[in-house]
Structure formats: structure tokens, C-alpha cells
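First up is the structure itself, then whatever we jot down about it.
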Amino acid sequence: MEQHTEPFRRRLRQWLPDHMPREDGPPRTGSARDPARHRELQRRLFDGGFAGLTYPAAYGGQGLTAEFQEVFNQEAAGYELPTLCNVTLGILGPTIVDFGTEEQKLRHIPAILRGDEMWVQLLSEPAGGSDLAGCITRAVRDGDVWVLNGSKIWSTNAHISDFALCLARSNWSLPKHRGLTMFIVALHQPGLDIEPITQANGDAEFCQEFITDLAIGAADTLGAENAGWEVVSRLLYHERNLAGAASPYTYGLVAEGTPVAPTAPELAEVARAAGTAHNNRVRALVAEAHALDAIQEQLVERIGTGIALGTLQATSGSLLRLFEITKVLFCSNASVDIARSEVVVWPEGTAGSLGGQFLMRQSAALAGGSIEMQRNIIAERVLGLPREHAPDVGVPFDSVPHNAPSTRR
Ligand SMILES: Cc1cc2nc3c(=O)[nH]c(=O)nc-3n(C[C@H](O)[C@H](O)[C@H](O)COP(=O)(O)OP(=O)(O)OC[C@H]3O[C@@H](n4cnc5c(N)ncnc54)[C@H](O)[C@@H]3O)c2cc1C
């Protein structure tokens, strides 16, 4: 395997220093989350032949295997990378490759790889995100046009994105999983108001969208009419891979906006700086974080390979996701035990802002499907335990009691 990737590694080692800025390089003006900066970095990778390594060559990618992305990630560590594009590259792009028409793929994938298009997922609604199939945003077809009405929420970076995949209910008389359609939506157009939401840590990367008589051409459905559940299930598979640190499509381990926690070496550094490194409990916490890192590496390898070879089903990705959540919660909590009250004023540095990470840790247990939903999936789909009782299975959606007005006249 190494021999196979060695020329690529050498080419990268030559190219990176001349074309990508170092993270520890001269200070820059502007925010590290400036979308223009991330688009430009993505463009540099594209021009250098390093964008979309695992995307098909027919749509502007390099058509390589996941091993090459791994080599890229190893060599590019320490360089500034367009991580703001990770959700687009790791979740939305692969879903378009899986379900798009030839025309849709040719229109969007090269633009995504060039950094010209950033995408967002419009799935969750104010009435709930776990029960995605209970979506009540309404899509009504009128000839060659669909008209959408409703509201979406918790959409990461919608305000700085260009396009979205938006799930809506297109048929209310079918059971809930069967009456959904996925739409390709240009974000900045009449009928779509995007309102940023300020979070507990002061950031405002989430948005709520208000959709009023938004017109979408019939050619802009992704997948067939009423087959949106199939599309969203695949999208969530890509999302679990990304959030579980196993995506073959992205730079680094996690998506921008996904909560991170200090790593074991960072916790060790915090312990030394806080003067708690001799405390036995602190040492045990750091050692356990280190063990979690080692286990995660093996787990990603084993489950990723199993899914790729078909010996494990795709829903096994929930194991990776659950492990990542468990690790984020453990390491965030450990950082408070190790730094003690100093955590509140811990300076930005290798271990980031410990207080900020601690405040945001719980969102790791929600993003991309909550910790409880991952456990449900593992219990029911991986281990084959009986499904939780649901009164709406197989029942026409407009006969199920819910908060949306009925469409039956
Ligand atoms: C950082 C972050 C980024 C996000 N980005 C996006 C995005 O880009 N696009 C998007 O559409 N959404 C996004 N979300 C929303 C996310 O998908 C939802 O928060 C998530 O699906 C949970 O939905 P909810 O918040 O509505 O909670 P609810 O569904 O209301 O659930 C509330 C609680 O009840 C539990 N619960 C619900 N049903 C069950 C059940 N059957 N069994 C056991 N427990 C249950 C849940 O686990 C949760 O703890 C993001 C969220 C976060 C935190």
C-alpha cells in the first residue's frame, strides 16, 4: 500500500510548502472562519490537482482511493486547510454523486471541488430533528414547479452557503417515510429568509430558515419524487462517517462546526500547565483519553473496512459516531477536572479554548443525530433487537396526529 501511494506523497511534500499557508505562519487579518478564505484555499487545492481525491474523475475529482486521502491528511497536518468545506465535501457532495442525474453532477460537483459552491443540509425543523421522517415542510407540485412552505432550523453555516439539500413532504397520504422528496435549493432567493441564531458561546453559525412559496423547478429534485427517505438515509450515512472521523472525502477528522475536545496530548499539556500533572486522578484521566484515541483509530479502520467490503452494514457507522460522542464528552469533562477553575480563563492555544469547548460539548451529542438515536440504530439495525413501538408505521401521514394542518379536504 505504501509503495502505491509513495509517488503521491512525494508530490504533496513538494507542492504543499509552496502553495498552502502553514497554520503557525505569519498572523493574518480576518477571521479563521472567513468563508472567502476557505473557498480560496479549496481553489488552490483544485488547481494543484489535490481537490476531491476520492471523487470520480468524470466530475473533476481525482478518482483515487481513501488511502490517498489519508496520506493527504497526514502530509497536510500543520497547514491551513479549507475545513469550512468539510460538510459540503463530506456529506452533500457524496450524496449528489450517489443520487444526482448526470446533469446535476456535472453542474454541481466540479463547482464544489473548485470551492465555488458551499452546501448546507436543511433537514431539522422546529418541531423536531430526531424524527426526520416526521418532516412537515410542505412541497406541492404545480406542473413543472414545486412550491415549498415551512421552516428549517439548526442548519450549520446556511448564511454563508450557496445551495442546500432540503427535505420536504410531497405526499401526505402516504406513510411518513414514503411521502418525502429531497430538493436542490439555491439559498439566496425570494421565498427563503435565513436568520442566524446566536449560541451559548457567542458564535452564530446556525440558522433558521423561513420558507414561503419557494418555487423549485421539477428537475431540481435529488432522487425520485417521494423517494426522499432513501436520499436522506444515504446522506446520514455520509454524515455519520464524517462525524465518526471516518470520512474518505475530507481534510482532517471532523467537520467545521462540529464540537471538538482536547486530545490526550493536549490534556497532558493542560495538566503540566495547570500544575496538576502529579495528581493520580489527573494522570488516570489523561491515560484514559489516550486509550480512547488508540481504540478510535482501530475502530475507524475496522468498521470503515467492514462497510467498504460489505461485511458490515452501513448502519454500523453509528458505532463510530457513538464512540466519537463518548470521547468528546469524556475529554471535555476531563479538561475541567484537570485545569480546575482555571478552565474559565484558559488562553487560546494548543488545546483551544477549554471553557468554550466545555460549553459546546453537549452539542456533540445532538449534531448529525443524537446519542440516543445512535443507540437506537445500533440496537435495532445492527443487533436486530425489536423496533421501538411507533403508532405511525404504515399509516397515511395525514391520519397521524401531528402539529401540521391536515391536507385532506
Ligand atoms: C452542532 C450541530 C450542527 C447541526 N447541523 C445541522 C444542519 O446543518 N442541518 C440540520 O438540518 N440540522 C442540524 N443540526 C440539528 C440536529 O440534526 C438535531 O439537533 C438532532 O437531529 C436532534 O434533533 P432535535 O434537536 O430537534 O432534538 P429532538 O428530536 O427534539 O430530541 C430531543 C431529545 O430527545 C431525544 N429523543 C428523541 N427521540 C428519541 C427516541 N425515539 N428515543 C430516544 N431518545 C429520543 C433526543 O436524543 C434528544 O436528546 C445540528 C445540530 C448541532 C448540535
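The values are calculated or read from the model by the stated rules, or taken from the named source; none is laboratory data. A quick note: this is a predicted structure, and the numbers were derived from the prediction, not measured. Cβ coordinates were reconstructed from backbone atoms using ideal geometry, including for glycine residues, and neighbour counts include every protein chain displayed.
For residues that are within 13 Å of the ligand (Cβ to nearest atom), hydrophobic (A, V, I, L, M, F, W, C) and part of a loop (DSSP other than H, G, I, E, B), scanning just segment 355-384, find the one that is surrounded by the most Cβ atoms within 10 Å (Cβ to Cβ). Per the criteria, the residue is Ala367. Here Val343 passes the criteria (1) in the same structural domain as Gly275 (by TED's automatic domain parsing); (2) hydrophobic (A, V, I, L, M, F, W, C); (3) closer than 29 Å to Leu122 by Cβ; (4) away from the ligand (no atom under 15 Å from the Cβ) except the one numbered (3).
In the set Asp98, Asp162, Asp144, Asp116, only one residue is within 16 Å of the ligand (Cβ to nearest atom) and of a type in the set (Asp, Glu); that residue is Asp162. Residue-level check: of (1) aliphatic (A, V, I, L, M); (2) buried (at least 23 other Cβ atoms within 10 Å of the Cβ); (3) more than 15 Å from the ligand (Cβ to nearest atom), Leu122 misses just (3).
Scoring Glu324 on the criteria (1) closer than 23 Å to Leu242 by Cα; (2) surrounded by fewer than 19 Cβ atoms within 10 Å (Cβ to Cβ) leaves a single failure, condition (2). Leu329 - would you say it is within 16 Å of the ligand (Cβ to nearest atom), at pLDDT 90 or above and exposed (fewer than 15 other Cβ atoms within 10 Å of the Cβ)? Against the criterion (within 16 Å of the ligand (Cβ to nearest atom), at pLDDT 90 or above and exposed (fewer than 15 other Cβ atoms within 10 Å of the Cβ)), Leu329 does not qualify.
Scanning segment 67-95 for residues that are within 16 Å of the ligand (Cβ to nearest atom) and not β-branched (Val, Ile, Thr) yields Leu84, Cys85, Asn86, Leu89, Gly90, Leu92, Gly93, Pro94.
Let's see how each residue does on (1) assigned to a loop (DSSP other than H, G, I, E, B); (2) over 20 Å from the mean Cα position of the chain (by Cα); (3) closer than 25 Å to Arg138 by Cα; (4) modelled with pLDDT of 95 or more:
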residue: Ile216; (1), (2), (3), (4): no, yes, yes, yes
residue: Glu225; (1), (2), (3), (4): yes, yes, yes, yes
residue: Trp229; (1), (2), (3), (4): no, no, yes, yes
residue: Asn241; (1), (2), (3), (4): no, no, no, no
residue: Tyr249; (1), (2), (3), (4): yes, no, no, no
residue: Gly257; (1), (2), (3), (4): yes, no, no, no
residue: Pro262; (1), (2), (3), (4): yes, no, no, no
residue: Pro265; (1), (2), (3), (4): no, yes, no, no
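Where strands (runs of 3 or more DSSP E) fall wholly inside segment 98-201, the ranges with 2 or more residues that are under 23 Å from the mean Cα position of the chain (by Cα) are 119-122, 145-156, 163-169, 180-186, 192-197. Against the condition in a helix (DSSP H, G or I) and within 17 Å of Pro265 (Cβ to Cβ), how does Ala308 come out, does it pass? For Ala308, the condition - in a helix (DSSP H, G or I) and within 17 Å of Pro265 (Cβ to Cβ) - is not met. Residues in segment 145-193 that are closer than 19 Å to Val232 by Cα and of a type in the set (D, E, K, R) were compared, and the one that is surrounded by the fewest Cβ atoms within 10 Å (Cβ to Cβ) is Arg178.
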